[in-house]
Amino acid sequence: MTIFLPLLYLAAGWIAGQAPFDIKNVISKLLTKLIIPMVIIFNIATSFRSMGWIIIATALAMLTLLVVSKIFSRDPVMNLCFSYLNIGWLGLPVASALFGNQAAVIIIAAYVGSSIVGNSVGASMLSGKTLNPLKILKTPPVLALMIGILLIPFSDQVKHIGSELYQIAKFLMSFLGMAVLGIWLSKVNVGLDDFRQELKPFFQRVSVMALLITLLLLLAHATHQALITDNPATLYLLCLLPPAANIIVLETHYLGSGRSARPITCGTCISIVAIAVYAAVVIGGRMIVT
């Protein structure tokens, strides 16, 4: 039953999008500046040793996707839509529902890696400026990463004191993140041609990500990284994720436009269908095994 919860959260956002007032900016700020950093801090403080590999691997995978995307287009908005994936808001609730808490650790680590790249490289691409290390250090995911590292010596205390707060924050991250996506879906009109245009980059991204994840699993087996080798299904779920909703926030800020809304919306719809099929296969495989 829990697998359907992300879709219910999405539907709640779509309904909220019909209201005369707009709450997505407030929710986005709450997620970006408070809730998501809380989730990152807790997981880094309590599970950093197992997460470090995934943070680095995700950042490198995103940079690889960025390089590949430039083969097909020089448009920075489209480059970001190809390489910056919705790992936190869509990936986390789906992975948690399908695979449990261990999957959440993987997805959160992947979110940290992608956020660092997305909010630094992505911002510099759209602004036309060179990378500014000081600005990168001030982004919420990086600040949360540093706070979490400082709290590693107190991991037992963090786990004892913050477990309940973490569960609340993780739920709000899933619910509010999917709700924001639902609000965006309610605002953008798309046609069949738009979906056809997004199918090609979707399958291209799936192919590149599947190859990168396979290489990561081989490397993890060779170096005995149990968190990675024990959760291949969670890692391959990353292949199916759509462009990050945060792209339109960056685009609006730096370019004053919203061209990414259409590929984000179409990509999200395509991904939801693909993830539903993937979930059915995973659940069916479990039933056969048991």
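Entry remark, segment 91-142: residues being assigned to a helix (DSSP H, G or I), farther than 30 Å from residue 75 by Cα and not β-branched (Val, Ile, Thr) number 10 in total.
Scanning segment 217-256 for residues that are small (Gly, Ala, Ser), touching a residue at least 60 places away in the same chain (Cβ under 8 Å) and out of contact with any Cys (no Cβ under 9 Å at 6 or more places or on another chain) yields 220, 226, 233, 245. Scanning segment 127-150 for residues that are closer than 20 Å to residue 28 by Cβ, more than 20 Å from the chain's Cα centre (by Cα) and not basic (Lys, Arg) yields one hit, 127.
State which residue is modelled with the lowest pLDDT when the search covers only segment 41-59 and only residues that are among the aromatic types (Phe, Trp, Tyr) and within 22 Å of residue 156 (Cβ to Cβ).
The first filter runs over segment 41-59 and keeps only residues among the aromatic types (Phe, Trp, Tyr), leaving 42, 48, 53.
Okay, now just the ones that are also within 22 Å of residue 156 (Cβ to Cβ), so 42, 48.
On the way: 42: 91, 48: 80.
Per the criteria, the residue is 48.
Residue 257 meets the conditions (1) hydroxyl-bearing (Ser, Thr, Tyr); (2) assigned to a loop (DSSP other than H, G, I, E, B); (3) closer than 20 Å to residue 94 by Cβ in every case but one. The failed one is (3). Picking from residues in segment 188-214 that are of a type in the set (Gly, Ala, Ser) and closer than 19 Å to residue 85 by Cα, the one that is surrounded by the fewest Cβ atoms within 10 Å (Cβ to Cβ) is 207. Selection of segment 119-157 for residues being in contact with a Leu (Cβ under 8 Å, 6 or more places away or on another chain), touching a residue at least 24 places away in the same chain (Cβ under 8 Å) and more than 18 Å from residue 109 (Cα to Cα) yields 121, 122, 123, 125, 126.
Output yes when any residue across segment 209-227 is of a type in the set (Val, Ile, Thr) and farther than 20 Å from residue 117 by Cβ, and no when none is. Checked segment 209-227: at least one residue is of a type in the set (Val, Ile, Thr) and farther than 20 Å from residue 117 by Cβ. Could we say that residue 82 is in contact with a Pro (Cβ under 9 Å, 6 or more places away or on another chain), at pLDDT 90 or above and outside any loop (DSSP other than H, G, I, E, B) here? Judged against the criteria, residue 82 is a match.
Condition check: at positive phi and either surrounded by 18 or more Cβ atoms within 10 Å (Cβ to Cβ) or at pLDDT below 90 (or both). Does residue 100 satisfy that? Here the answer is yes, as residue 100 does meet what is asked. When you check residue 88 against the structure, is it small (Gly, Ala, Ser) and either outside any helix (DSSP H, G or I) or over 18 Å from residue 168 (Cα atoms) (or both), yes or no? No. Residues of segment 156-167 that are surrounded by 14 or more Cβ atoms within 10 Å (Cβ to Cβ) and either among the polar types (S, T, N, Q) or closer than 13 Å to residue 38 by Cβ (or both): 158, 162, 166.
Suppose the filter is surrounded by fewer than 16 Cβ atoms within 10 Å (Cβ to Cβ), within 16 Å of the chain's Cα centre (by Cα) and in a helix (DSSP H, G or I); does residue 66 pass it? Considered against the rule, which asks whether it is surrounded by fewer than 16 Cβ atoms within 10 Å (Cβ to Cβ), within 16 Å of the chain's Cα centre (by Cα) and in a helix (DSSP H, G or I), residue 66 comes out as no.
Selection of segment 262-278 for residues being buried (at least 17 other Cβ atoms within 10 Å of the Cβ) and closer than 14 Å to residue 94 by Cβ yields 268, 271, 272, 274, 275, 278. Here the condition is being at pLDDT 90 or above, among the hydroxyl-bearing types (Ser, Thr, Tyr), under 20 Å from the mean Cα position of the chain (by Cα) and closer than 18 Å to residue 69 by Cα; of 260, 207, it holds for 207 alone.
The values are calculated or read from the model by the stated rules, or taken from the named source; none is laboratory data. Predicted model, so just to flag it, every value in this text is computed and none were measured. Here Cβ is always computed from backbone atoms with ideal geometry, including for glycine, and neighbour counts include all displayed protein chains.
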